[in-house]
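Asker: Here it is: the structure, laid out below.
The values are calculated or read from the model by the stated rules, or taken from the named source; none is laboratory data. Predicted model, so just to flag it, every value in this text is computed and none were measured. As a convention, Cβ positions derive from the backbone with ideal geometry for all residues, glycine included, and neighbour counts pool all protein chains shown. For the accessible areas, the whole protein counts, side chains as well, though only heavy atoms, and no ligand, DNA or RNA atoms are used. Shrake-Rupley method; radii C 1.70, N 1.55, O 1.52, S 1.80 Å.
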Amino acid sequence: MSEVSGSGVAIVGIGMHRFGRTEGVSGRAQAVHAARAALADAGLKFSDMQFGFGGSHSAGDADTLVSELGLTGLPFINVANGCATGGSALIAADAAIRSGQHDVGIVIGFDKHPRGAFNTDPAEHGIGAWYGETGLMVTTQFFGLKIKRYLYEHGIAPGVLATIAEKAFRNGARNPMAWRRKEIDAAEIAAAPMISHPLTQYMYCSPAEGAVALVLCRADKARGYTEHPVFLQGAAFRSRRYGSFEVFSPWTAAERAGSPTAEAAAAAFAAAGIAPSEVDVAQIQDTESGAELMHTAETGLCAHGEQEELIASGATAIEGRLPVNTDGGCLANGEPIGASGLRQVYENVLQLRGGAGEHQVPGDPRVGFTHVYGAPGISACTVLTR
Amino acid sequence: MIAGKTTVDDALFVETAEGPALLGSRCTDCAAHTFPRQGGCPRCTGSAMEDVPLSRTGTLWSWTVQGFRPKPPYTGTESYEPYGVGYVELPGQLIVETRLVETDPERLEIGMPVEMVLTPFRDDQHGWPVHTFAFVSSKPGASDV
């Protein structure tokens, strides 16, 4: 893929505050850390930024970060889209640059969640109080229900779920920025306490903390800021259709439909003019092992049912032909909701620059893909090239 | 009160000749169903919905067992735990999320016939049970509530 010109969009700076638990450092402070790192990476100052988009779920409003970063008068718009907050902020930035409205700006995602599973108020989702009171509004439980049905429909044995988590922790152990850096073997993962059948404790990610910032600019100006720009060739966001099976659904239609993941991925690939078969490295939403299994097929990277063989053969490992979640994914990094989608982009930029060190994908990868998924049935995907 | 029992939300239910049923909506234009009842049709985007009792019987579409005590807004009482959760396909209508009476993974199977019951999930401040809907195996000889 050659460099796009004119209205294309490039990522010229990346910054991260390490994911996990950082006692005594607020989510906002982690965001400022990530923003300064991204600006330094691009050789720019906050006063050079013409716009900002950002968000967090539990750590405050992104637009208030200007009190620390600089009161420059820029339009800074808060984004709140659950697990797709980072992806949505990135899509907004993409549109701002692609439209010609702005030349350069920043996207910031950050979060800091309390320990334990998320507790969500049904009223925020337009659902009656009974849904929460009777114990149905539990994300971990939904993921068990969803993967149970998926394994049944595609004739996949549940053993693959432990293999996926094992890979995540193996990759995390090679990533100095990951939260969980200890390898856990598949047998121990499978034998861990059952959270929601068929998913055990080590197959789920945990709410966490962290921040990521990206500096984006017009593609034709990218080489003025960096020797190794990464181009955002396609970015798309979709919500659910009638008949897709999504988290926080008191009911779903008997008539089945494609998922927001499948539609967002197809739109991102179409915008990029790149086929899923051309992807060299992919970061896929792995809230739990089953999510990686389902999403690898829903995004078009493989056929439904093909994952079992792909995963067992090592094809999705860092050295495999389709490396997935090379930084350890949500399983090894945790899920600070506002930052999680941008972590995936950060990782792909590192990979495409050849700067991922111990977890670098061999063979000079050229095409990266990212995918986030979340409540209440939303997905955002990107296709990146160098 | 529904069928003489206190429930978490009476608006979820309707009494029928066969016993209590879930109360849903049906679009008079495209026949899509929803649960609970709502005013807009998520399928055709219209707003011509009518109340309809949902089927009291169906087949298990997916299932799991809740392995830990959820945080609030869950209000269940410990003596009613653990609890099963599933999606049940109601023929010609929709697939509804529900608690399951059965909690043994060995006794749950996608495709098994199930029927709706009222099941206690918490005790009120006087110690009286509050009920919600659940589905239970309708195979002859299966354990009942």
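Asker: Answer yes or no as to whether A:Ala213 is in contact (Cβ under 8 Å) with a residue 12 or more places away in the chain, aliphatic (A, V, I, L, M), assigned to a helix (DSSP H, G or I) and away from chain B (no Cβ under 14 Å).
Answerer: Spelling it out, it is not the case that A:Ala213 is in contact (Cβ under 8 Å) with a residue 12 or more places away in the chain, aliphatic (A, V, I, L, M), assigned to a helix (DSSP H, G or I) and away from chain B (no Cβ under 14 Å).
Asker: Take the residues in the range B:20-36 that are open to solvent by less than 10 Å² (accessible area, probe 1.4 Å) and of a type in the set (S, T, N, Q), then tell me which one is nearest to the other protein chains (Cβ to nearest Cβ).
Answerer: B:Thr34
Asker: From the residues in the range B:75-89 that are under 16 Å from the mean Cα position of the chain (by Cα) and within 8 Å of chain A (Cβ to nearest Cβ), which one is nearest to B:Asp9 (Cα to Cα)?
Answerer: Filtering first and then ranking leaves B:Gly76.
Asker: To continue, here is another question. May I ask you to list the residues in the range A:340-360 that are charged (D, E, K, R), under 16 Å from A:His228 (Cα atoms) and open to solvent by less than 10 Å² (accessible area, probe 1.4 Å)?
Answerer: The one that is charged (D, E, K, R), under 16 Å from A:His228 (Cα atoms) and open to solvent by less than 10 Å² (accessible area, probe 1.4 Å): A:Glu347.
Asker: Let me ask another. Among the residues of the range B:93-115, are any part of a strand (DSSP E or B), without any contact (Cβ under 8 Å) to a residue 24 or more places away in the chain and β-branched (Val, Ile, Thr)?
Answerer: Checking the range B:93-115: not a single residue is part of a strand (DSSP E or B), without any contact (Cβ under 8 Å) to a residue 24 or more places away in the chain and β-branched (Val, Ile, Thr).
Asker: Next question. Can you tell me which residue among A:Glu246, A:Glu255 is acidic (Asp, Glu) and in contact (Cβ under 8 Å) with a residue 24 or more places away in the chain?
Answerer: So the residue among A:Glu246, A:Glu255 that is acidic (Asp, Glu) and in contact (Cβ under 8 Å) with a residue 24 or more places away in the chain is A:Glu246.
Asker: Just one of A:Ala253, A:Ala291, A:Ala265 is under 29 Å from A:Gly128 (Cβ atoms), at pLDDT 95 or above and within 14 Å of the chain's Cα centre (by Cα); which is it?
Answerer: A:Ala291
Asker: If you don't mind, there's one more thing I want to ask. Consider only pairs whose beta carbons are under 7 Å apart and that are at least six residues apart or on different chains; among these, list those whose first residue lies in the range A:192-207 and is closer than 12 Å to A:Gly144 by Cβ and more than 8 Å from every other protein chain (Cβ to nearest Cβ) and whose second residue is part of a helix (DSSP H, G or I) and open to solvent by 30 Å² or more (accessible area, probe 1.4 Å).
Answerer: Qualifying pairs under 7 Å: A:Thr200/A:Ala190.
Asker: If I ask for residues that are closer than 25 Å to A:Ala271 by Cβ, out of contact with any Cys (no Cβ under 9 Å at 6 or more places or on another chain) and not β-branched (Val, Ile, Thr), which ones from the range A:355-373 would you list?
Answerer: Within the range A:355-373, A:Asp364, A:Pro365, A:Arg366, A:Gly368 meet the criteria.
Asker: Answer yes if at least one residue in the range B:37-58 is in a loop (DSSP other than H, G, I, E, B), within 12 Å of chain A (Cβ to nearest Cβ) and in contact with a helix residue (DSSP H, G or I) (Cβ under 9 Å, 6 or more places away or on another chain), and no otherwise. Before the answer, list the steps.
Answerer: Within the range B:37-58, the first condition is being in a loop (DSSP other than H, G, I, E, B), and the residues that meet it are B:37-48, B:54-56.
Now narrow it down to the ones that are within 12 Å of chain A (Cβ to nearest Cβ): B:37-45, B:54-55.
Going one step further and asking which of them are in contact with a helix residue (DSSP H, G or I) (Cβ under 9 Å, 6 or more places away or on another chain), we end up with B:37.
Within the range B:37-58 (the criterion being in a loop (DSSP other than H, G, I, E, B), within 12 Å of chain A (Cβ to nearest Cβ) and in contact with a helix residue (DSSP H, G or I) (Cβ under 9 Å, 6 or more places away or on another chain)), the answer is yes, since at least one residue qualifies.
Asker: Take the range A:145-163 and flag every residue that is open to solvent by less than 50 Å² (accessible area, probe 1.4 Å) and within 11 Å of another protein chain (Cβ to nearest Cβ).
Answerer: Correct list: A:Leu145, A:Lys146, A:Ile147, A:Lys148, A:Arg149, A:Tyr150, A:Leu151.
Asker: For the range B:68-110, what are the residues that are among the small types (Gly, Ala, Ser) and modelled with pLDDT under 95?
Answerer: We begin by selecting, within the range B:68-110, every residue among the small types (Gly, Ala, Ser); these are B:76, B:79, B:84, B:86, B:92.
Of everything in the range B:68-110, just one residue is among the small types (Gly, Ala, Ser) and modelled with pLDDT under 95, namely B:Ser79.
Asker: Kindly indicate which of B:Ala11, B:Ala3, B:Ala17 is hydrophobic (A, V, I, L, M, F, W, C), within 11 Å of chain A (Cβ to nearest Cβ) and open to solvent by 30 Å² or more (accessible area, probe 1.4 Å).
Answerer: Just one listed residue meets the conditions, B:Ala11.
Asker: Mind listing whichever residues of the range A:58-90 are within 29 Å of A:Ala271 (Cα to Cα) and open to solvent by 40 Å² or more (accessible area, probe 1.4 Å)?
Answerer: Matches in the range A:58-90: A:Pro75, A:Ile77, A:Asn78, A:Ala80, A:Asn81.
Asker: Answer yes or no as to whether B:Lys71 is open to solvent by 60 Å² or more (accessible area, probe 1.4 Å), over 24 Å from A:Arg256 (Cα atoms), charged (D, E, K, R) and more than 10 Å from chain A (Cβ to nearest Cβ).
Answerer: no
Asker: Quick one: which of A:Gly87, A:Gly24 is in a helix (DSSP H, G or I) and closer than 30 Å to A:Ala173 by Cβ?
Answerer: Exactly one of A:Gly87, A:Gly24 is in a helix (DSSP H, G or I) and closer than 30 Å to A:Ala173 by Cβ, namely A:Gly87.
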